[in-house]
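Here the structure is laid out as structure tokens; the discussion comes afterwards.
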Amino acid sequence: MKNLKSLSGLTLLLVAGMASASQFGPNNQPDLIQPKLREMLRTANTAMLSGDYERAIAYSNSVLVDGDIKFSVNTDGIPDAQRAEARAAADQAIALWSEALNGEVNFVEVEPRKANVRINFQTEVRNMGTNIAGFAVWQRQVFDWGNNNFTSNITADIKLRSQTPTGRLMPKDAMVHTAAHEIGHVLGLWDSPTFGDIMGPLYLKSPVTKLSERELTAFREARSEAKQITQACLVAKTR
Ligand SMILES: [Zn+2]
């Protein structure tokens, strides 16, 4: 778990059942991709090299988020007057990721009980007594059913704060930043130490509403690695 304090004392918190030793990626820069996603890419690559193509494809496709993301947005927990703005913030965050994904993954809104990714706005969000801007608990899994039969899924529960710790309404762009940050975790990105990154700290006075070039590059590189594995396996299978 990694907490990033912002200048205004709000933290975007990531909660997940994984170790979080800070790690370094290519060129010794902090890796913007989650350890879990790197691990899945390694598993896919190893499986491919040993001719275990279906397993390799299952893992690389899981990295790519195979299929739609079924999401729901719930604003019942916040005052009426703020609901439209919170909703618009969630939509803007989703649009930002759709664009980063070049439309390769569809975000489809469904009712909460059918959703894989649930986005909930609350007036406040706390973790162990500390005010935080939001958090996501997510799971990305590949199931091996035997006989070369694999399925995968992604589920996430996202909680987002609609009011500042002093009781003011969160500015809309701050909600966009928080929502986009938590969706970024669901898609495989890791916290960034850099101000100006979506995956970086939230500063209420200057929230970030688009991905930095660095983030976009890291995200697309990881996806392109997965695409190459899937492609190579599909070709190898037909030989
Ligand atoms: Zn985070």
Given the structure, is residue 88 aliphatic (A, V, I, L, M), more than 16 Å from the ligand (Cβ to nearest atom), over 27 Å from residue 233 (Cα atoms) and open to solvent by less than 50 Å² (accessible area, probe 1.4 Å)? yes
In segment 44-77, residues that are assigned to a helix (DSSP H, G or I), open to solvent by less than 50 Å² (accessible area, probe 1.4 Å) and touching a residue at least 60 places away in the same chain (Cβ under 8 Å) total 11
Considering only residues that are farther than 26 Å from residue 38 by Cβ, open to solvent by 50 Å² or more (accessible area, probe 1.4 Å) and of a type in the set (Ser, Thr, Tyr), which ones fall in segment 139-168? 166
What number of residues in segment 169-207 are of a type outside the set (Gly, Ala, Ser) and closer than 24 Å to residue 35 by Cα? 19
What is the residue count in segment 108-138 for residues that are closer than 18 Å to residue 83 by Cβ, over 13 Å from the mean Cα position of the chain (by Cα) and open to solvent by 60 Å² or more (accessible area, probe 1.4 Å)? 4
Every residue in segment 196-238 that is within 27 Å of residue 58 (Cβ to Cβ) and open to solvent by 60 Å² or more (accessible area, probe 1.4 Å), please. 217, 220, 221, 225, 227, 228, 231, 234, 235, 237, 238
Against the definition (within 16 Å of the ligand (Cβ to nearest atom) and acidic (Asp, Glu)), how does residue 173 come out, yes or no? no
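The values are calculated or read from the model by the stated rules, or taken from the named source; none is laboratory data. Everything numeric here is computed off the predicted structure, so don't read it as measured data. For neighbour counting, all protein chains shown are included, and Cβ atoms are generated from backbone atoms with ideal geometry for every residue, glycine included. Each accessible area value is taken on the protein alone, full model and side chains, heavy atoms only, with ligands, DNA and RNA left out. Shrake-Rupley method; radii C 1.70, N 1.55, O 1.52, S 1.80 Å.
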